[in-house]
Amino acid sequence: MSRQSNRGTESKKMQVAFKMYLGITPSITNWSPAGDEFSLILENNPLVDFVELPDNHSSLIYSNLLCGVLRGALEMVQMAVEAKFVQDTLKGDSVTEIRMRFIRRIEDNLPAGEE
């Protein structure tokens, strides 16, 4: 099955997972022509509801935890991805945007003789 045809299924899984764990449903937009990159748009980010960044820590990406969770969860299903923040409501942007990029499918490396 091509990466292009997987788009809808994988997008839906990601939206359901966000709804289950954070109570929000992100929009999935800005697909790259190759189909290996997209943006997750969070209208409301529950991690920032009660947070204000002090002036001396304005470069802190407080919700970067989400990128680690996404990378870790997708690694558990044999997908290596890159996730990074593009926009952040804590920094005055109107939405939170996480850019996702598929790197490769991870192959299981079992010891010889074990299957």
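Details
- Per residue, in Å², the accessible surface of the chain once ligands and nucleic acids are set aside, probe 1.4 Å: 67
- Label assignment, Cα extents along the principal axes in Å derived from the structure, set (i) 38, 31, 27; (ii) 57, 30, 26; (iii) 54, 26, 25: (ii)
- Radius 11 Å from Cβ of THR89, net charge of other residues (Lys, Arg +1; Asp, Glu -1): -4
- Gaussian network model of the chain, springs between alpha carbon atoms under 10 Å - residue of ASN45, ASN56, ASN64 with greatest fluctuation: ASN56
- Residue of ASP49, ASP36, ASP88 that the Gaussian network model of the chain assigns the largest fluctuation, springs spanning Cα pairs under 10 Å: ASP49
- DSSP-loop GluC sites (Glu not before Pro) across segment 52-85, with at most 14 other Cβ within 10 angstrom: GLU52
- Accessible surface of GLU107, taken over heavy atoms with a 1.4 Å probe and every protein chain present, rounds to 130 Å².
- Here the label points at MET20 and PHE50, each 7 Å from Cα along the C-beta direction, are separated by 2.6 nm in the simple model.
- The chymotrypsin sites (Phe, Trp or Tyr not before Pro) found in segment 56-113 include none that occupy coil by DSSP while having at most 11 further C-beta atoms within 10 Å.
- Across the accessible surface of the chain, with the other protein chains kept in place and a 1.4 Å probe, carbon and sulfur atoms take up 52 percent.
The values are calculated or read from the model by the stated rules, or taken from the named source; none is laboratory data. These figures come from a predicted structure and were not determined experimentally. Every residue, glycine as well, gets a Cβ built from its backbone with ideal geometry; the counts of neighbours run over all protein chains shown. Quick note on the areas: whole protein, heavy atoms, side chains included, nothing else; ligands and nucleic acids left out. Shrake-Rupley method; radii C 1.70, N 1.55, O 1.52, S 1.80 Å.
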